[in-house]
Amino acid sequence: MTVSLIRRAALAAVLALGAPAAQAGMQDWQLDPKHTTLGFLVEHIGYARVFGLFREVEGSFRYDPETQALADVRVVVPAGSVWTNDERRDGHVRNKDFLDAEAHPEIVFTAAGGTVTGENSGRVEGELSLRGQSHPLALEVTLNKIGPYPFGHGKPTIGVSARGTVVRSAYGMTYALGGIVGDEVELLIEFEAVLAE
């Protein structure tokens, strides 16, 4: 089998959501927090887009490389871990105008489906829970690499890039709409997931 076919098969496995979790051969995979970044961009008065990120992200899923089955995808982000390179702005983003982190401390994404769209690309459909509301979220995904880590732990590792867009007003974040702070928030996700022991 060529490298191209192997990578395509691996991507299909990553996107084959909804398979029974109890199926033989399913293994636990965990996001590597040291190699996981969840960033975002949002327009600011038309001048530029503000970049921010969440400094804490954890997640896991069950995956069988042989049967190409994936299930139980869950990513949890502490809302209070947001960082935008400005302490005062960070406090504002955490309050009721935006994330309302005190009342809703966790942002949760669960995968609901996916399709292969290219040799190493796909679309993952899921649900994002934020500020006590849940709405669909689609991510455009690129499988960068899958295989044994070349040093350190040496475990099988999956590397993925994903992009998506959240409409903040759908979650009740209507503060400063109308040309001040953009409604669409672009998500920039880069992660490595490692086979759990």
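Please treat every number below as a calculation from the coordinates, not as lab data. No experiment lies behind these values; they were computed from the predicted model shown. A quick note on method: Cβ atoms are made from the backbone with ideal geometry, for glycine too, and the neighbour counts reach across all protein chains shown.
Per-structure values
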quantity: 10 Å beta-carbon shell around PRO78, net charge (K/R +1, D/E -1); calculated: -2
quantity: Global form of the range 112-197, assessed from the alpha-carbon gyration tensor, a/c cut-off 1.5; calculated: prolate
quantity: Order of TYR171, TYR149, TYR63, TYR47 under a 10 Å beta carbon neighbour criterion, fewest first; calculated: TYR47, TYR149, TYR171, TYR63
quantity: All lysines inside 28 Å of LYS145 as judged from Cα atoms, apart from same-chain residues fewer than 8 positions distant; calculated: LYS34, LYS155
quantity: FRET efficiency estimate (nearest 0.05) - Cβ-Cβ, GLU56 to GLN133, R0 22 angstrom; calculated: 0.55
quantity: Enclosed volume per residue, in Å³, of the convex hull spanned by Cα atoms of the range 40-172; calculated: 153 Å³
